[in-house]
Amino acid sequence: MYRQLGVSAAVYGFGAEVEAALAPRFAGIDRVADYNQGKVLHAMQTHRVGAACFAATTGYGYDDVGRGTLEKVYAAAFHTEAALVRPQITCGTHALAVALSANLRPGDELLSPVGRPYDTLEEVIGIRPSQCSLKEYGVTYRQVDLLDGGAFDYEGVRAAIGERTRLITIQRSKGYATRPSFSVAQIGELIAFCKRCKPDVLCMVDNCYGEFVELEEPSDVGADMVVGSLIKNPGGGLAPIGGYICGTRACVERCAYRLSAPGLGQEVGANLGLMPSLFQGFFLAPTVVAGALKGAVFAANLYERLGFPVVPGGAEDRHDIIQAVELGSEAAMVAFCQGIQAAAPVDSFATPYPWAMPGYDDPVIMAAGAFIQGSSIELSADGPIRPPYAVYFQGGLTWYHAKLGILMSLQKLCDAGLVTLPQ
Ligand SMILES: *Cc1c(COP(=O)(O)O)cnc(C)c1O
């Protein structure tokens with residue numbers, strides 16, 4: 001079958017060798033999925049998910065049983081008092097913008113103790129001038145960079161927390177930065193430290209790409225809000241749109257008023273028939289995340305064995321589903337991404353090339369053959385064409401598809417004469 005799909009015997013054999021050594025790692029990933037599947041099932045059973053939850057609502061969406069139950073299920077799984085989970089939250093950036101603007105008022109200060117936030121947050125905060133940014137509304141921003149080596153600068157954080165510090169934002173995943181992603185335990189230590197400095201400060205975690213990677217979530221270790229996108233991990237590949245905010249009742253209530261309107265809050269918002277995919281996607285998410293994690297670990301080990309620097313390293317623990325591979329040249333990035341694209345279930349016939357993109361200084365190459373546009377829980381890869389010529393890749397709705405994508409990326413590198421397999 002692999003030969004029919006375009007993978008040579010040599011590439012297949014090399015992949016099989018790498019895979020054989022990963023059995024203990026995969027068993028560990030399966031144990032986490034086993035636990036998290038139980039967590040989601042328990043939440044669904046506790047809140048009596050039934051066929052009535054799948055009915056479509058329209059207009060105002062008053063008394064939407066499905067919507068209300070889905071939010072209770074998310075809150076139960078994340079161990080929070082409340083949750084806002086809506087198709088009206090259009091993406092991760094939107095969810096984060098709602099959480100921030102709902103809980104920060106003019107004169108407040110926002111603090112990031114983990115360095116620069118994700119690119120799209122720069123305009124939300126006003127780090128890059130932007131219409132309707134928090135800055136325009138009188139919310140100031142401070143940031144404390146990580147120490148060399150990626151540790152938290154606790155003294156710097158203590159000094160930065162002041163009278164106006166109202167909310168602390170912590171990004172779990174590295175995004176496109178080179179720092180490591182943080183474990184839930186590390187995030188818990190940082191939150192505890194911040195709350196010792198200022199007991200009433202709110203702590204929000206950007207949980208994108210982190211859901212179900214570990215046994216616990218940041219909401220288990222003191223976060224007041226955890227925020228993410230449904231076209232990443234928790235949508236399980238089925239959610240066609242949406243975002244979530246899980247947290248304390250006080251925080252989530254404000255988010256609901258900000259999302260709809262003061263006075264309306266959580267009571268409006270029709271589900272438009274999306275409930276089956278939002279429930280079923282959440283049900284599948286723990287195993288989908290496990291498949292994506294296996295793909296990331298496989299790629300890290302495969303490319304590490306060929307001598308390429310990879311972040312995280314092949315043997316390292318995972319705190320998100322992102323894998324970076326430093327390929328060292330534009331030609332290698334192009335070959336890698338063309339391999340990922342060729343392995344896709346959708347648009348496998350398309351050929352990605354680097355091109356100019358809004359918001360980027362360098363040309364960017366992107367591979368994505370997804371059922372849901374822009375869904376990055378589906379197998380996808382991208383990167384800016386600049387040293388160290390790293391591709392970031394993530395996702396894979398099944399481990400077998402992730403594996404094929406990675407083998408195809410290697411096949412294209414071999415075909416282009418950019419990699420020679422060890423004999
Ligand atoms: C993807 C991502 C976002 C933004 O989510 P979008 O759905 O792309 O708007 C924010 N933070 C992190 C860490 C992310 O990975």
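The values are calculated or read from the model by the stated rules, or taken from the named source; none is laboratory data. Model, not experiment: these values are computed from the prediction. Cβ: placed from backbone, ideal geometry, glycine included. Neighbour counts: every protein chain shown. Calculation scope for accessible area: heavy atoms of the full protein, side chains included, ligands and nucleic acids excluded. Shrake-Rupley method; radii C 1.70, N 1.55, O 1.52, S 1.80 Å.
With a point put 7 Å past each Cα toward its Cβ, work out how far Ala315 is from Leu5 in nm, to one decimal.
2.9
Provide the FRET efficiency to the nearest 0.05 for the Arg249-Thr178 pair, computing r from the beta carbons and using R0 = 51 Å.
E between Arg249 and Thr178, to the nearest 0.05, is 0.85.
Taking 0.36 nm per residue of separation and subtracting the Cα-Cα distance, what length does fully extending Val201 through Ala51 add?
Length gained, Val201 through Ala51: 49.9 nm.
What ranking do 145-152, 128-135, 388-395, 103-110 get when scored by the average of other Cβ atoms within 10 Å per residue, highest first?
Listed from highest to lowest mean packing, they are 388-395, 103-110, 128-135, 145-152.
Could you tell me the extents of the range 24-76's C-alpha atoms along the three principal axes, largest first, rounded to whole Å?
Rounded to whole Å, the extents work out to 51, 19, 18 Å.
Quickly work out the Arg386-to-Phe193 label distance, labels modelled 7 Å from Cα along the C-beta direction, and quote it in nm with one decimal.
The answer from the label model is 2.9 nm.
Might you tell me the accessible area per residue for the range 136-290, computed with a 1.4 Å probe and given in Å²? Walk me through the numbers before you get to the answer.
Details: 5850 Å² over 155 residues.
Ligands and nucleic acids excluded, the result is 38 Å² per residue.
With no solvent and one equal point scatterer per Cα, compute the Debye intensity ratio I(q)/I(0) for the range 282-423 at 0.14, 0.16, 0.19 Å⁻¹ and report its log10, rounded to two decimals.
After summing over all Cα pairs, the log10 values are -0.59, -0.77, -1.10.
When only C-alpha pairs under 8 Å and at least 6 residues apart count, what is the relative contact order of the chain, in percent?
18
First compute the accessible area of the range 1-71 with a 1.4 Å probe, then give the percent of it belonging to carbon and sulfur atoms. Kindly include the intermediate steps, with their values, before the conclusion.
Numbers: 2490 of 4220 Å².
Result for the range 1-71: 59 percent of the exposed heavy-atom area is carbon or sulfur.
Along its principal axes, what span do the Cα atoms of the range 167-304 show, with the longest given first and each in whole Å?
Rounded to whole Å, the extents work out to 55, 46, 24 Å.
Please list the radius of gyration and Dmax for the chain, considering alpha-carbon atoms only, with Å as the unit.
My reading of the Cα-based Rg and Dmax gives 21.5, 69 Å.
How high is the FRET efficiency from Ala185 to His42, r the C-beta distance, R0 25 Å, rounded to 0.05? The partial results should precede the final answer.
On the way: r = 23 Å, r/R0 = 0.91.
In this case the efficiency is close to 0.65.
Determine the share of the range 346-423's accessible area contributed by carbon and sulfur atoms, expressed in whole percent, with a 1.4 angstrom probe.
With neighbouring chains kept in place, the figure for the range 346-423 is 57 percent.
Please state, rounded to one decimal and in Å, the Kirkwood hydrodynamic radius that the range 64-189 gives when every pair of distinct Cα atoms enters the mean of 1/r.
16.1
Please compute the per residue accessible area over the range 5-83 with all protein chains in place, 1.4 Å probe, rounded to a whole number of Å².
Per residue, the range 5-83 has an accessible area of 52 Å².
At 7 Å along the Cα-to-beta-carbon direction for both Leu215 and Thr120, put a label point, then send me their distance in nm to one decimal.
3.3
Let me understand the range 127-236 better: what is its radius of gyration from the alpha carbons, and its Dmax, in angstrom?
14.5, 41
Roll a 1.4 angstrom probe over the protein heavy atoms and tell me the percent of accessible area of the range 75-195 that is carbon or sulfur. Please list the in-between numbers first.
On the way: 2630 of 5060 Å².
Solvent-exposed carbon and sulfur of the range 75-195 make up 52 percent of the total.
Please work out the Cα center distance from the range 194-234 to the range 97-165, rounded to the nearest Å.
Each part's Cα centre sits 16 Å from the other's.
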